[in-house]
Each structure stands twice: as structure tokens, then as C-alpha cells.
Amino acid sequence: MPVAHFLSRCLSRLLAGGLLAVLAGPLVAEDPAFSIQGFATLGATRSDSRELEFVRDLSQPRGARLEWTPSVDSVAGVQADWRLTPALTATVQAVSRYRHDRSYAPELAWAFLRYEATPELSWRAGRLGTDFFMLADSRLIGYSYLTVRPVGDFFWHLPFSSIDGVDLLASRVFGDGVLRGKLFYGAPSAHLPLAQEQWKIDDSPMAGGYLDWQQGSWQWRAGYAALRFNHDLPLAGTLARLLPEPWLAESLAHLKTAGRRSDYYSLGAVYDDGPWQVQLMVNRIEQQSAAFESSHAASLLLGRRFGGVTPYLGYSLARSSPKRERLNPVVDRVMADSHVQQSTSTAGVRWDVARHTALKFQWDGIRAASTSLFPFRDDPAGGRWSGRMNVYSLTLDYVFR
Amino acid sequence: MKRRKLLLILFGIACLLPGGAPLAELVVVVNVRSGVSAMTRGEVVNLFFGRSRQLFNGIEAQVADLQDTHPDREHFYRALVGKELADINAYWARQLFSGHLRPPPQLKTSEEMLRWVAERPGGVGYVDLRQADARVRVVYELKP
């Protein structure tokens, strides 16, 4: 979306001006008009698999095998907030992490203007985080949650966390509870690696929203979003080498994604009381295109703090349903890549070692059907694997403000 | 002999530790012209966690917090929600870096907190009960 690009360019210029103002003279310490803050995670991740590579999300083209690697969980981000008027603020966040093109090139995670029309109503425009799946827009801020990384099984099918567009957030207090509703429209800002190619989805229109009720220790959220793809998967080159006409044209038509929709439904509940934290989330994703399988996922997380140390346990699962119609073995192989049928048991501990600093160690035991290939990299030649993988992770999370 | 000396020194250090000091009785205070005379625990939680941005009568709330180094901050959140500062800081990291909310400004001293509240019609803060003077109105008392 050129509008969002233009906006973000303007914003970065404005922010550069703000930075100069900060360097030039002191601001009121109490409520700074301009602030810079950041977050970082230093991670080391390995698995015990010789067959497949474990990734944190599908934006990563390579993952962890037997050797410890920093690429899965390490991330650094810096954010600037500038209050232009009491009602208008600008926010820009840049993040560097291992990404779709195998580099750590910094990306613009957010770049938006927020206008607070009233204390109960605000607009945002630009590059925005999306949270129709609960907690989806804080997936890179390791310090902000209990586990080493967001639950993969729940988020595999949501490989982007921001859109270029607009959103509207309304909230209202009822007694001790707060009801919030959000609506958004835009296009995801993401490239997805697919074998050696990349799939463009950054001009595919998306709309959705959520309703959220928070009272006392409980928070409930129901979210929905719909995405209509504008492009086909970048498969023409690969298929042309494997299939002669007329099977080629027929196969490409079968795997068409342009003009097809994905519908995302989710429910989430969080119980957060004193030392206890419990999270339950479920989702369902309907895929119109024959190239992808519809799926559902669930995740449960339980943690309790003892002083500075919080041990936690989690369990999650993801399942997708194979399409009935079959065309030829090559197409079957392509479609098999989107199959997921697995569960993950998680145990870990978070230790808040110092102010704004947390150390975490986590074990994930993945038990999968031999055909569950979707969440992994470097698929085995036969399209099957043992279905057992243990992942060990150590992270140091930090935020500065 | 040496051992007794060591014990004496340890005892002396133990006496100096803050553990024996009585905990401050903290109260939530608002501006005297805000029109608010009392709050429920739920209202206080909603304001200090940014869930609600206005007082019950529609005045925009301007909440202030203390810096981590001020002992009252730790006592306040322990008494209000039973949480450690690391939990509170993690919460605000999530709000801030996901682009949702900015945390309330963090002031250095209780005196600054009192001035913050006295100078703003929607000012909300917390101080030790003994420090709450005529400039502010106590609307909620926390059990230590």
C-alpha cells in the first residue's frame, strides 16, 4: 500500500526531527513528548532432529537442528514515540531478526499515527500490529511473556503480525469490567519464503476485528479476520520442470490462491491473578484455496511465580484437514507441505534476574504424524519423518526504557 | 572469640535491613476538584493498568506511577494485585512495544506525585497515607 509507505517515510522524518529536539534541549521529565525505548532477546536454540529444521515462525527460511543456533529466537528492536499534540502520537518501531531473505536486515515493524478522539475512542493509520489472535502483536517482545517464544502450534498459520492500513479501537467501562472492540482494514506486511521463492501477500486486502472483555483477573477475546490473496503461490517455475502440458495448466489452476479467501476465527481467555497465569487459546482457519488445508489449533499455558522464578507448563496442538479432491502426485506433494498434525508439550522456567531482564530455559517435545511438515524447514525427500523432535532453548530477554 | 564477633556483626547487619521497618500504608489519591470521593479496587486496577482512561464522571484520568527505585511502587502493586515489579514491567513492555498503550509517567518522589495530582483535574496517584495532605483526596486504601 503506497499510502502506508508514504506515511512511514513521513513519520521517520518527523521522528528524526524529534530526536534532534531531544538532543538540543531538556524536555519536561514527567511526561516526555519524545521517548526512545527498545527490546532485545539473545537466544540459543537446538533440536535433536537430523531430519527437519525447527523454526519459530514461517517467515524463517532455515531453522535449528543439532547445533545451537542464535537465529531462531534472537531479535532486537527499537521504538520511538512522539507526542505531537495531546491527542496525536506517532510511533515507529524497527526490528532486526533472522528473516525471509536469510538476512538480519532491519524491518519497519510499526509506523503509525494514533489519534485519540476521546479517552474511549482512538484511530490508528500506518503500519499496525494486528491482534485478532490474542497476543499476536507482542510475539517478538520476549520480556513481555512467560515462555521463550509464542506457542508455535497456535500461530503457525498467522505468519505476519502487522498490516498497512487503519484501525479503530473503542472501549467502555461497565462496572468493574472493560469492554473493548477493534475493527481494522489493510494488507499484511509480509513476504513468506517458499522453497527458493517468496510469496507476496503484501497487497492482499484484509479486514477483521475483535471483542474483548476484561474484568478482575479474567480477560476474554473473540476475534475474526478475512484475507483475500491477490497472488498465486510462486509455483509455476517448479511445476513447469516436473509436469508437461496440459497437466501443468490444470495443476496451476487447481493450486490457485489469487482471489481466494482465508478466514481466521479465534477465542482466547487469560486468567492472571497474583502469582498465577493461565492462558487458553483456540483458533480455526478456513482456507478457500485448494493449495492450503483448513486447520485448527489450541494452546494451554500455566505458570506460577515463586519469588523471582516462574516455572511454567504448556500443551498445544495443531491439526489440518486434507482436501478430498486429488489431481496428480506432484500437486499432492505441494499440498502435503501445508499439512500439520502434531502436539507440543512445553516445560520451562523464567527467572527475572534483574530489572527489565529475564533468563529463560525451555524444553518443547513435539510429537507429530509423519506427514506433519507444515511448520518445519528442509522437508525430507520422502515427505515423511519420524514425528519426534525435542527443542531446547535458552534466552536472555531485555527491555530498556 | 572471632566467631562471637562475626555473629555480632551479622546481627548488626540484620538490624539494618529494611525487613523490620513497618510497611507504608498506601492510599490512592485524586485531585480534590475531580468530583471523585471513592473508588473500588476494580476501578483502581483499570486506571493503573491503562484499561480505562477516564474517571467515572467522564474526566480524562491522568495517572502517575513511581520509579522502580522507589520502595512504594513495589508495595503498591503487591497490595493491589499481588504482583511483583517484574510482572508489572513485563505488562507495560507488552503494551508499549505492541503499540497499544504508553505507560504512565514514572515520577521520582512522593512529593512529585502529590504535585502531579494537585496540578491536574484528572490526576491520579498513590502515596503513603501520612503524606496525603489537603492538596489531594484519598479515594482508596490499600491493605499492606
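The values are calculated or read from the model by the stated rules, or taken from the named source; none is laboratory data. The model shown is predicted, which means the values in this text are computed figures rather than measured ones. Neighbour counts are summed over all protein chains in view; Cβ atoms, including those assigned to glycine, are modelled from backbone coordinates with ideal geometry. Please note that ligands, DNA and RNA were not included when accessible areas were found on the heavy atoms of the full protein model with its side chains. Shrake-Rupley method; radii C 1.70, N 1.55, O 1.52, S 1.80 Å.
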Which numbered condition A:Gly152 misses (of (1) open to solvent by 10 Å² or more (accessible area, probe 1.4 Å); (2) within 14 Å of chain B (Cβ to nearest Cβ); (3) within 30 Å of B:Glu84 (Cβ to Cβ)): (2)
Number of the condition not met by A:Arg333 [criteria: (1) loosely packed, with under 15 Cβ neighbours inside 10 Å; (2) assigned to a strand (DSSP E or B)]: (2)
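This table checks each residue for (1) in contact with a Leu (Cβ under 6 Å, 6 or more places away or on another chain); (2) modelled with pLDDT under 95; (3) of a type in the set (Phe, Trp, Tyr).
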position	(1), (2), (3)
A:Ala258	no, yes, no
A:Tyr264	no, no, yes
A:Leu267	no, no, no
A:Val270	no, no, no
A:Val309	no, no, no
A:Pro322	no, yes, no
A:Ala336	no, yes, no
A:Val353	yes, no, no
Conditions (1) within 10 Å of chain A (Cβ to nearest Cβ); (2) surrounded by 20 or more Cβ atoms within 10 Å (Cβ to Cβ); (3) modelled with pLDDT of 95 or more: number failed by B:Gly99: (3)
Cross-chain or 6+ apart pairs with Cβ under 9 Å, the range A:106-131 first and closer than 15 Å to A:Asp164 by Cβ and of a type in the set (Val, Ile, Thr), then outside any strand (DSSP E or B) and open to solvent by 30 Å² or more (accessible area, probe 1.4 Å): A:Thr130/A:Ser161
Subset of the range A:32-59 (residues that are at pLDDT below 95, buried (at least 17 other Cβ atoms within 10 Å of the Cβ) and within 14 Å of chain B (Cβ to nearest Cβ)): A:Phe34, A:Ser35
Neighbours by Cβ (under 7 Å, 6+ apart or cross-chain): first from the range A:321-348, free of Cβ contacts under 8 Å to residues at least 40 places away in the same chain; second of a type in the set (A, V, I, L, M) and part of a strand (DSSP E or B): A:Gln341/A:Ala368; A:Ala347/A:Leu313
The range A:363-383, residues that are out of contact with any Ser or Thr (no Cβ under 8 Å at 6 or more places or on another chain) and of a type in the set (Phe, Trp, Tyr): A:Phe376
Single residue of A:Gly181, A:Gly175 found to be open to solvent by 10 Å² or more (accessible area, probe 1.4 Å) and either more than 18 Å from B:Gly99 (Cα to Cα) or among the charged types (D, E, K, R) (or both): A:Gly175
Residue tally, condition modelled with pLDDT of 90 or more, small (Gly, Ala, Ser) and over 20 Å from B:Gln131 (Cα atoms), over the range B:1-53: 4
Residue match in the range A:159-171 (condition: in a strand (DSSP E or B), in contact (Cβ under 8 Å) with a residue 60 or more places away in the chain and open to solvent by 30 Å² or more (accessible area, probe 1.4 Å)): no
Selected residue (criterion: nearest to the other protein chains (Cβ to nearest Cβ)) from residues of the range B:50-88 that are of a type in the set (S, T, N, Q) and in a strand (DSSP E or B): B:Gln54
Matching entry among B:Asp128, B:Asp133 (being farther than 24 Å from A:Thr91 by Cβ and touching a residue at least 24 places away in the same chain (Cβ under 8 Å)): B:Asp128
Hits in the range A:67-83 - residues which are open to solvent by 60 Å² or more (accessible area, probe 1.4 Å) and away from chain B (no Cβ under 11 Å): A:Glu67, A:Trp68, A:Pro70
The lone exception for A:Trp213 - which of (1) away from chain B (no Cβ under 13 Å); (2) within 17 Å of B:His100 (Cα to Cα); (3) among the aromatic types (Phe, Trp, Tyr) it fails: (1)
Residue match in the range A:230-245 (condition: small (Gly, Ala, Ser) and either open to solvent by less than 20 Å² (accessible area, probe 1.4 Å) or at positive phi (or both)): no
The range A:364-394, residues that are surrounded by 14 or more Cβ atoms within 10 Å (Cβ to Cβ) and hydrophobic (A, V, I, L, M, F, W, C): A:Ile366, A:Ala368, A:Ala369, A:Leu373, A:Phe374, A:Phe376, A:Trp385, A:Met389, A:Val391, A:Leu394
Boolean, A:Asp212 is exposed (fewer than 15 other Cβ atoms within 10 Å of the Cβ), farther than 26 Å from A:Lys200 by Cα and not polar (S, T, N, Q): no
Residue count for the range A:101-141, restricted to those that are buried (at least 19 other Cβ atoms within 10 Å of the Cβ) and part of a loop (DSSP other than H, G, I, E, B): 9
Verdict on A:Met281 being in contact (Cβ under 8 Å) with a residue 24 or more places away in the chain, in a strand (DSSP E or B) and either out of contact with any Phe, Trp or Tyr (no Cβ under 7 Å at 6 or more places or on another chain) or crowded, with 16+ Cβ neighbours inside 10 Å (or both): yes
Extreme residue, surrounded by the fewest Cβ atoms within 10 Å (Cβ to Cβ), among residues of the range B:105-121 that are assigned to a loop (DSSP other than H, G, I, E, B) and at the interface with another protein chain (Cβ under 9 Å from one of its Cβ atoms): B:Lys108
